[in-house]
1. In deg cm²/dmol, rounded to 500, what helix-only [θ] at 222 nm does the chain give when every DSSP H run of at least 4 residues adds -39500 (n - 2.57) and the total is split over its residues?
2. May I ask for the distance between the Cα centers of the stretch 232-252 and the stretch 1-61, given as a whole number of Å?
3. Once the dipole of the stretch 144-312 is set up with Lys and Arg at +1 and Asp and Glu at -1 on Cβ about the Cα centre, which of G158, A269, I304 lies farthest towards its positive end?
4. For the pair V253 and E72, how long in nm is the line joining their label points, each one 7 Å along Cα→Cβ?
5. If you stretched the chain out fully between M88 and D192, how much longer would it get, using 0.36 nm times the residue separation minus the C-alpha to C-alpha distance?
6. How big is the charge dipole of the stretch 144-312 about its Cα centre, in debye rounded to the nearest 20, if each Lys and Arg gets +1 on its Cβ and each Asp and Glu gets -1 on its Cβ?
7. Given an 8 Å cut-off on Cα distances and at least 6 residues of separation, report the relative contact order of the stretch 144-312 as a percent.
8. Would you mind listing how long the stretch 144-312 runs along its three principal axes, going by Cα atoms, in whole Å with the largest first?
Amino acid sequence: MTDALPSVLFVDDEERVLRSLRMLFRGRCEILATTSGREAIDWVRQRRIHVVVSDQRMPGVTGVEVLRAVAEHSPATMRVLLTGYADMDSVAASVNEGEIYRFVEKPWNGPYLLDVVEQAARVAMRDFAAAQARAAVVPAPVEAASVIAARVVVLDDGGAIAAQVRELLPAAVHVDHARTLEEALSVLAEHDVAVVVAQLSSTHGDVADALKRLKRLRPATLAIVVSPLRDSRLVIGLINEGQIFRFLLQPPVRELLRRGLTAALERHAELRANAGLQHRYGVEPLRGEPSGVPGRLLQVWRRIREAAVARIG
């Protein structure tokens, strides 16, 4: 941290939880706390807040609703959802609506929560400072051509999702259909891919691990996961370790898929235009290396890694 302490707002309807958080973070940040989600939103409108850590289950307004409003009013503020009840709907909404940085479960691990919030605060302080430096400069709009000329890879063994993606996107957007993970990775090794739409049909498959690995190498590439699996643990891992952009239940609702694709293409163009924003998509270390990766996939990963290094250089 710098000498100037970051401001962190904790939102929870239980005073005892807020007392515990105050004790944990005492001296590490400027602590703000409230039991009211609506008051939290008002504070974000009125002053600079670097990180908002909100409980999910609160009367009147949910944590996801609080974080969605925070994202609208203060995009540079980092958002963390802290909850003891990880139901599938709230987990999916946390990424689809709140675009959260991390999902942390109660009872929290003190050192882990400290680390998450301090990482988030560093990112936000950097972004607020950059925004202030750019205040006198009219920002260049994202060029429509950079969105239209983008490339999308759809990993979909049956082809139905790929066909839907092609219908929803302008003809100028190049859509690659990959039936296997190896095919998808081969495209990623050869091209600058804006968005990966990945069908996830098994909790034990390689796709989830691949998305997590990919985010570490290609932070500007955004992932939309489509899956029939209502597995909150799986999605939490994809949020914290893979920073997925959207999670949609299969079959995806057409309008939700369209909105997700549009937002992802626009965000990718922003990230490519301003590489400094890519640190907002930092991920946690993988919890163990995937086992049994075929040698041919290791070769493809090596090519993706080399391509990522070449782009940085």
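1. Working: 12 runs with 149 residues, N = 313.
Theoretical 222 nm ellipticity from helices: -15000 deg cm²/dmol.
2. 26
3. A269
4. Modelled inter-label distance: 1.7 nm.
5. Working: separation 104, 0.36 × 104 = 37.44 nm, distance 3.22 nm.
Additional length available on full extension: 34.2 nm.
6. Working: 23 positive and 18 negative charges, 70 e Å.
For this selection, approximately 340 debye.
7. Values: 241 pairs, mean separation 40.1, N = 169.
Dividing the mean separation by the residue count of the stretch 144-312 yields 24 percent.
8. Result, largest extent first: 39, 36, 28 Å.
FYI, it's all coordinate maths here, none of it is from the lab. Treat the numbers as computed from the prediction; the structure is a model and nothing was measured. So basically every Cβ, Gly included, is an ideal-geometry build from the backbone, and we count neighbours across all protein chains shown.
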